[in-house]
Amino acid sequence: MSETAYLSDMSIDERVMMAIVRVAERFKKNSSALVNNWGLTFPQYNLLRVLDASANGQNTMKNVNRIMLVSSANMTGIAKRLEKTGFITRTSDPNDDRSKRLQITPQGIEVLKAISDHKERNVKRYLIKYTDEQKTELLETLRGILKQTKGLKPSV
């Protein structure tokens with residue numbers, strides 16, 4: 001079947017949303033291949049980035065779940081594997097025995113530094129043709145969509 005033999009019946013709204021998904025999936029696939037060179041999965045890399053951006057390089061597992069949009073069960077596995085590699089530490093939260101605190105280690109910071117330039121080149125490939133003004137406008141649009149749809153449940 002040739003490409004021209006496909007005729008989509010999607011509305012413009014659905015085509016826009018599907019294009020966003022396709023770009024995101026392509027970015028995730030390329031980013032995953034990149035961080036895999038350092039023995040990391042994409043979610044592990046993202047957890048390290050979240051901790052690196054957190055005050056004192058640490059945060060609660062609950063906050064990291066919320067930021068990354070990852071379930072508690074998945075986060076536990078991601079955190080355990082990063083702890084085994086020495087990239088993070090996990091400790092009980094002194095304010096809540098049921099909660100865990102995650103902290104990036106110097107080794108975790110070093111792996112982020114090693115990946116940094118490669119990551120920047122990868123990101124720039126997606127937006128190289130666009131001005132900062134266009135990127136800002138797109139970012140504002142996407143944030144607006146996220147804000148408008150926060151907590152939205154599928155309609156039946």
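General remarks:
- Residue within region 69-84 that is at positive phi, modelled with pLDDT of 90 or more and exposed (fewer than 12 other Cβ atoms within 10 Å of the Cβ) present: no
- Complete set of residues in region 111-156 that are over 17 Å from Ile20 (Cβ atoms), not in a helix (DSSP H, G or I) and not basic (Lys, Arg): Ile128, Thr131, Gly151, Pro154, Ser155, Val156
- Tally of residues being among the polar types (S, T, N, Q) and under 25 Å from Gln44 (Cβ atoms) across region 89-138: 9
- Residue that is nearest to Asn56 (Cα to Cα), among those in region 78-122 that are of a type in the set (A, V, I, L, M) and in contact (Cβ under 8 Å) with a residue 60 or more places away in the chain: Leu112
The values are calculated or read from the model by the stated rules, or taken from the named source; none is laboratory data. Since the model is a prediction, treat every value here as computed from it, not as a measurement. All Cβ positions, glycine included, derive from the backbone under ideal geometry; neighbour counts span all protein chains shown.
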